[in-house]
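The values are calculated or read from the model by the stated rules, or taken from the named source; none is laboratory data. Every value quoted in this text rests on a predicted model; they were computed, and no experiment measured them. All Cβ positions, glycine included, derive from the backbone under ideal geometry; neighbour counts span all protein chains shown.
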Amino acid sequence: MAASLKDELPLMARDGSFVREAYDKDLDELRALSDNGRRVIAGLQARYISDTNFKSLKIKHNNVLGYFVELSPAAGQELLKSPHAANFIHRQTMANAMRFTTAELADIESRMAVAGDRATALELEIFTKLVARIGEQADVITNIASALAETDVAAALGELAETANLTRPKVDASRAFAMEQARHLVVEQALAHSRGGTFIANDCHLSADEGGHPIWLVTGPNMAGKSTFLRQNALIAVMAQMGSFVPAKSAHIGVIDRLFSRVGAADDLARGRSTFMVEMVETAAILNQSGPRALVILDEIGRGTATFDGLSIAWACVEHLHEVNQCRALFATHFHELTRLSQKLSGLKNVSMTVREWQGEVIFLHEVADGAADRSYGIQVARLAGLPPAVLTRAGQVMQMLEENAQKNPASDLAHALPLFDAHAKPVPAQHPALAKLAETSPDQLTPREALDLLYVLKQLT
């Protein structure tokens, strides 16, 4: 194969030019005619001049006659009387020239016209024969390819284990799931390349043995690392069972028969499914299919509907995972009411993402600690996102009223208890006159003259 194919190959065989030079003599001749036609004609002209001794002899081409031999009228008459006349066929006499052709020139012209197509056809014929020969060795080639693939995967995983500080996991028939100082390999590598800091490793123990806690309820604010924590444990489970070392100080994983993930938000509007509907369909598949050996990660179930509806659905899902599915699971939520389930579900443990408050700011430590979070720090995260000060002030007022109101349905009285939304609840810096002028201007309604005048006005205001 190496002797027949070029080093650089086209995408499609029909494009041609993939057989090496000197592999097939006929193909080389066709290529010479197709690629070096002028040189072939020039060589033929030189030979005719040498044979006939007519220095003015030229081989020319036009769209009517194609290739032809041209001589002056006097030289043409001499040629017709010479011994070479039998080889030259008279085609045309003009006032200043006589034109001839030869059987050899006609043959070369014909071969040049079809040389490109014939070269491609011949290459495809060579390719077909080559494919047939390869087909005869299909079993041998398949075995070699399989061995190379396994070697490549093993070598790549070995190099990764060495360079990324991975460890050999223990995988057995138990229902253990014990991670010590586990890391998310992708996020860790991204932080290293961007010099964004060091990845914080975390433990995870979802042992389903007697006295263990196969379900962890993860609470904490957004951006604290809940989703990363869920994903990293699922990725480690996949890596361990595919034979790879894993990013952790130690890992003990009982064989997992299925991995279920419900993370993120997406819709399927083409099929009439909203974001919440897609979430419920995926959650239903998890609850209906996961068993004692499954690993489940669920992130923010029930957040796409009304508060009490969502809380009720999330509550029932946690109970079903614990009592019916009996699987190992990580369940991230902002419904802090769910943490009460740990009092009646022996296999449920509350953990939270650690944060610190300093001078009114939230510092995310990205550490998983025992216990439940007492708040979600949503307003602080909203401040980091850049919400207007007036909105943040109003949100603080509403949250304070919600926390202080002890009625069964506090939302029903909020509309009366709180003042109407006041955009100026917190002083907002005055707007610059030039910006105010621009805000009241409609560019599409300005004439060129008015636009020029506006520029002078803005210049005076700055």
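If you filter the range 108-146 down to residues that are surrounded by 13 or more Cβ atoms within 10 Å (Cβ to Cβ) and basic (Lys, Arg), you find that the one that is nearest to TYR67 (Cα to Cα) is ARG111.
Residues are listed down the side, and each one gets a yes or a no for (1) more than 30 Å from GLY16 (Cα to Cα); (2) at pLDDT below 95; (3) assigned to a helix (DSSP H, G or I):
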| residue | (1), (2), (3) |
| --- | --- |
| PHE127 | no, yes, yes |
| GLY135 | no, yes, yes |
| THR142 | no, yes, yes |
| ALA147 | yes, no, yes |
| ASP152 | yes, no, yes |
| GLU180 | yes, no, no |
| GLY197 | yes, yes, no |
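The range 1-113 holds strands (runs of 3 or more DSSP E) entirely within its bounds, and those carrying 2 or more residues that are in contact (Cβ under 8 Å) with a residue 40 or more places away in the chain map to 66-71. A count restricted to the range 36-50 and to residues that are under 13 Å from MET112 (Cα atoms) and either surrounded by 13 or more Cβ atoms within 10 Å (Cβ to Cβ) or touching a Ser or Thr at 6+ places or on another chain (Cβ under 8 Å) (or both) stands at 4. If you check ARG20 against the conditions, is it modelled with pLDDT under 95, among the charged types (D, E, K, R), buried (at least 18 other Cβ atoms within 10 Å of the Cβ) and under 30 Å from VAL131 (Cβ atoms)? Taking the combined requirement at face value, the residue does not satisfy it.
Quick grid of which residues meet (1) surrounded by 15 or more Cβ atoms within 10 Å (Cβ to Cβ); (2) touching a helix residue (DSSP H, G or I) at 6+ places or on another chain (Cβ under 8 Å):
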site	(1), (2)
THR228	yes, yes
ILE236	yes, no
SER244	yes, yes
PHE260	yes, yes
LEU269	no, no
GLU282	yes, no
PRO292	no, yes
LEU298	yes, yes
ASP309	no, no
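Within the range 371-398, being among the hydrophobic types (A, V, I, L, M, F, W, C) and under 17 Å from GLY220 (Cα atoms) holds for ALA372, ALA373, ILE379, VAL381, ALA382, LEU384. Please work out if GLY304 is outside any helix (DSSP H, G or I), in contact with a helix residue (DSSP H, G or I) (Cβ under 9 Å, 6 or more places away or on another chain), within 29 Å of LEU157 (Cβ to Cβ) and not hydroxyl-bearing (Ser, Thr, Tyr). It is false that GLY304 is outside any helix (DSSP H, G or I), in contact with a helix residue (DSSP H, G or I) (Cβ under 9 Å, 6 or more places away or on another chain), within 29 Å of LEU157 (Cβ to Cβ) and not hydroxyl-bearing (Ser, Thr, Tyr).
Of all the residues in the range 160-198, those that are within 25 Å of the chain's Cα centre (by Cα), more than 18 Å from LEU259 (Cβ to Cβ) and in contact (Cβ under 8 Å) with a residue 60 or more places away in the chain number 4. Among the residues making up the range 199-231, a single one is among the charged types (D, E, K, R) and either assigned to a strand (DSSP E or B) or not assigned by TED's automatic domain parsing to the domain that holds ILE301 (or both): ASP203.
What's the number of the condition ALA425 fails, among (1) exposed (fewer than 14 other Cβ atoms within 10 Å of the Cβ); (2) at pLDDT below 75? Answer for ALA425: the failing condition is (1). Among residues of the range 386-397 that are within 18 Å of GLU361 (Cβ to Cβ), those with a beta-carbon under 7 Å from a residue that is part of a loop (DSSP other than H, G, I, E, B) at least six positions away or on a different chain give the pairs PRO389/LYS426; PRO389/VAL428; THR393/ALA425; THR393/LYS426. One residue stands out among those in the range 338-389 that are assigned to a loop (DSSP other than H, G, I, E, B) and basic (Lys, Arg): the one that is surrounded by the most Cβ atoms within 10 Å (Cβ to Cβ), which is ARG375.
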